[in-house]
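Below you'll find the structure, written out as structure tokens, and then a few comments.
Derivation of every value follows stated rules applied to the coordinates shown; laboratory data play no part. For clarity, every value in this text was computed on a predicted model and none was experimentally measured. Because the Cβ atoms are built from the backbone with ideal geometry, glycine has one as well, and the counts that use them run over all protein chains shown.
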Amino acid sequence: MANTRSAKKMTRKIERRTEINKSRRSRMRSFVRKVEEAIGSGDAAAALAAFNQAQPEIMRAASKGVIHSNTASRKVSRLAQRVKALAV
């Protein structure tokens, strides 16, 4: 348990930041899920459209520190690879 005033304030700040990060992570995962579903259905046009929406969301999560930048790049790369394979 926090004892000092500054430690209590940091606890409040961490709780607020955690809620924001959860929201951002959930939003990113929702966009990724839409791409996965489009790939699963075999619809190349829908997969490309969903990917074009998901990519900036993934990179935004990385820029906000929710996920690491290398993780974001890896996710984008793998999704792009799968969408491209579907289009062929």
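Condition first: assigned to a helix (DSSP H, G or I) and either touching a residue at least 24 places away in the same chain (Cβ under 8 Å) or surrounded by fewer than 13 Cβ atoms within 10 Å (Cβ to Cβ) (or both). Now tell me which residues in region 76-88 satisfy that. Reasoning before the result, please.
Looking only at region 76-88, we keep the residues that are assigned to a helix (DSSP H, G or I), and these are 76-87.
Across region 76-88, the qualifying residues are Ser77, Arg78, Leu79, Ala80, Gln81, Arg82, Val83, Ala85, Leu86, Ala87.
Out of all the residues in region 32-52, which are surrounded by 12 or more Cβ atoms within 10 Å (Cβ to Cβ) and under 22 Å from Gly65 (Cα atoms)?
Kept after step one, since they are surrounded by 12 or more Cβ atoms within 10 Å (Cβ to Cβ), are these residues of region 32-52: 32-39, 43-44, 46-51.
Result: Val32, Arg33, Phe51.
Conditions (1) touching a strand residue (DSSP E or B) at 6+ places or on another chain (Cβ under 6 Å); (2) exposed (fewer than 12 other Cβ atoms within 10 Å of the Cβ); (3) in a helix (DSSP H, G or I); (4) of a type in the set (Phe, Trp, Tyr), marked per residue:
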| residue | (1), (2), (3), (4) |
| --- | --- |
| Asn3 | no, yes, no, no |
| Ile14 | no, yes, yes, no |
| Asn21 | no, no, yes, no |
| Arg27 | no, no, yes, no |
| Ser30 | no, yes, yes, no |
| Arg74 | no, no, yes, no |
